[in-house]
Amino acid sequence: MEERAVKKQWWKEKVVYQIYPKSFKDSNGDGIGDLKGILEKLPYLKNLGIDMVWLSPVYQSPFIDQGYDISDYYKISEVFGTMEDFDTLLAEAKKLGIGIVMDLVINHCSSEHEWFQKALKDPYGEYAGYFYFEKGKDGNPPSNYRSYFGGSAWEKVPGTDLYYLHMFAKEQPDLNWENPKVKKELFDMINWWLDKGIAGFRIDAIINIKKDVNFPSYEPDGPDGMCACTAMVERVDGIGELLGELKRETFAKRDTFTVGEVFNLKEGALEEFVGEDGYFSSMFDFAPHMLTEGQNGWYDTREVTFLEWKKTIIQSQMECQGKAFLSNIIENHDEPRGVSRYLPEYAQNPDGIKMLGCVSVLLRGIPFIYQGQEIGMTNCQMDSIEDYDDIDTYHQYREAREAGLSDKEALEACYRFSRDNARTPMQWDAGENAGFTKGMPWLRVNENYRMVNVADQEKDPGSVLHFYRKLIALRKSEEWKNVFVYGEFLPLFEEDESLFAYARTDGEKKAVILANFGKEEMTVKFSENLGKVLLANMYRPQQINAREVVLEPCEVLVCQVCE
Ligand code: TEU
Ligand code: CA
């Protein structure tokens, strides 16, 4: 395909690391990660080759949804430290050339936010207009929307015949983006954080901010007679006006990096959202994650084949080639560990883990690495639902039990898909609590921390950690960054059911990535000559100098191709 020139922009050349502060490093022994703990680990992140760090929310919050329920946008939760701690982290990170990306949660706030408290005190007053306070219908909620966390998306306003909308928890009332006062409050807050010198924002659940204020009900999609609230989100028009205004009033005033958490994007809206002049710099490619979406929840997800997963990634790459820059992940704080999800049992070993990481990080787009991914952290088997601490996991467990699954079966679904798989404490060493805390960790440490931890992998040049360092260094190297950052993505052997292969080229140089996800060794034949080996997870000479190569199971090979 004719490759349109892709504008060079600073954030396109970066590698981003997502920190879930609550589970990263505890500095004061209360069992909860904090800002001082992150400060302590900045040299580790620098050494990994990280350029930007996205912090999941650290604002004041009652932690109903682990901080995605903000009660004061201008305050750091005392759980994580103080605003001085934040300012120190920001400054020290900057000294190391690391930008801080904050999490922007503006579809909803916490029910403890003063705006909502004022609205409850006067349900017909000014602050009720900051939310959606709607009359019920015949003693029922205004519509049959189900929230993401189960149950009606409408909650009674005490002492009235009104309900308020909450697409997430009832403690997360949706903000009314039709209200100019709400937009002004939010834009002022965003600019206040940008004025502090942060590098940008990851923007939470942003597709949800536009509502159809008639709140029509839709065909029920489950035995509860409700329909997913996304039924309205997917149908309503007009989000572009809101996002354009958001960008004009905030991000566009500076050279800000923004990455949207966008689900349910309408057909054909890619460039409007993340094209050269899009609302955001980038957005996450969630297509691979959506493959396992169950009809009713985690308990009825379907098996996904390697070929389907590979083709989904290729499709995303081809759709945005020359138009947009997606952000590529294998996991995040809402998803199970990529190693447990995307690697077949026989490949869940250091070679397979390196292979998966390599295939993801060298794609076209911005690589996001989630805390612990760089050492190959895996899902964590819990013994009972009480071992979890996540509102969505409780909800999914309930759904499974109500659908007739046993406790064991429901727990199995949680083991495969719970968000807490990604939220178990970072595994720093083989000591007590994996070196995460000297106190009682807020969430169980994965028992495999004695085998999977930073300290041991630092000492082993053949470890996953050392491989990730080399992988990131290759992507950013003077010699190859133009290829891996700005180069075209060319899928290869697309129909092969075990080989994940693609090329990256900037027209001058070309590299191929060959990954054998199969159980057997395979011979790959090329029309061009495989030359210099750029990266490998198994022994390879400096040069291949051949047009064919035999790959072991779980072997990944990156090499230059010459005509
Ligand atoms: O998630 C938004 C979102 O789309 C959710 O449906 C997500 O898929 C769900 O949480 C999966 O269990 C964002 C945050 O990433 C998530 O942690 C928050 O719970 C949610 O918004 C509400 O702020
Ligand atoms: Ca702490």
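The values are calculated or read from the model by the stated rules, or taken from the named source; none is laboratory data. This is a predicted model, so every value here is computed, not measured. Methodologically, a virtual Cβ is constructed for each residue, glycine included, from the backbone with ideal geometry; neighbour enumeration extends over all protein chains shown. Just so you know, the surface numbers come from the protein's heavy atoms only, side chains and all, with ligands and any DNA or RNA stripped out. Shrake-Rupley method; radii C 1.70, N 1.55, O 1.52, S 1.80 Å.
Here are the numbers for the structure shown:
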| item | result |
| --- | --- |
| Checklist (1) part of a helix (DSSP H, G or I); (2) closer than 19 Å to residue 130 by Cβ; (3) open to solvent by 60 Å² or more (accessible area, probe 1.4 Å) applied to residue 245, failing item | (3) |
| Tabulated pairs, the stretch 36-48, first within 20 Å of residue 84 (Cα to Cα), second within 12 Å of ligand 2 (Cβ to nearest atom) and open to solvent by 40 Å² or more (accessible area, probe 1.4 Å), C-beta under 6 angstrom, 6+ apart or interchain | 36/27; 37/27 |
| Restricting the stretch 166-207 to residues that are within 24 Å of residue 366 (Cα to Cα) and part of a helix (DSSP H, G or I), the residue that is nearest to ligand 2 (Cβ to nearest atom) | 193 |
| Scope the stretch 228-241; condition open to solvent by less than 10 Å² (accessible area, probe 1.4 Å) and either of a type in the set (A, V, I, L, M) or closer than 9 Å to residue 212 by Cα (or both); matching residues | 232, 233 |
| The listed residue being open to solvent by 50 Å² or more (accessible area, probe 1.4 Å) and within 16 Å of ligand 1 (Cβ to nearest atom), out of 124, 148 | 148 |
| Filter result (under 21 Å from residue 333 (Cα atoms) and either surrounded by 22 or more Cβ atoms within 10 Å (Cβ to Cβ) or not charged (D, E, K, R) (or both)) within the stretch 200-219 | 200, 201, 202, 203, 205, 206, 207, 208 |
| Which listed residue, of 197, 222, is touching a helix residue (DSSP H, G or I) at 6+ places or on another chain (Cβ under 8 Å) and surrounded by fewer than 18 Cβ atoms within 10 Å (Cβ to Cβ) | 197 |
| Selected residue (only one of 97, 81 is within 23 Å of the chain's Cα centre (by Cα) and either within 16 Å of ligand 2 (Cβ to nearest atom) or surrounded by fewer than 23 Cβ atoms within 10 Å (Cβ to Cβ) (or both)) | 97 |
| Among (1) free of Cβ contacts under 8 Å to residues at least 40 places away in the same chain; (2) under 18 Å from residue 483 (Cβ atoms); (3) of a type in the set (S, T, N, Q), the one test that residue 27 misses | (2) |
| The stretch 510-521, subset part of a loop (DSSP other than H, G, I, E, B) and touching a Phe, Trp or Tyr at 6+ places or on another chain (Cβ under 7 Å), residue least open to solvent (accessible area, probe 1.4 Å) | 517 |
| The stretch 391-440, subset of a type in the set (Phe, Trp, Tyr) and open to solvent by less than 50 Å² (accessible area, probe 1.4 Å), residue nearest to ligand 1 (Cβ to nearest atom) | 417 |
| Hits in the stretch 300-313 - residues which are at pLDDT below 95 and either under 15 Å from residue 334 (Cβ atoms) or not charged (D, E, K, R) (or both) | 301, 304 |
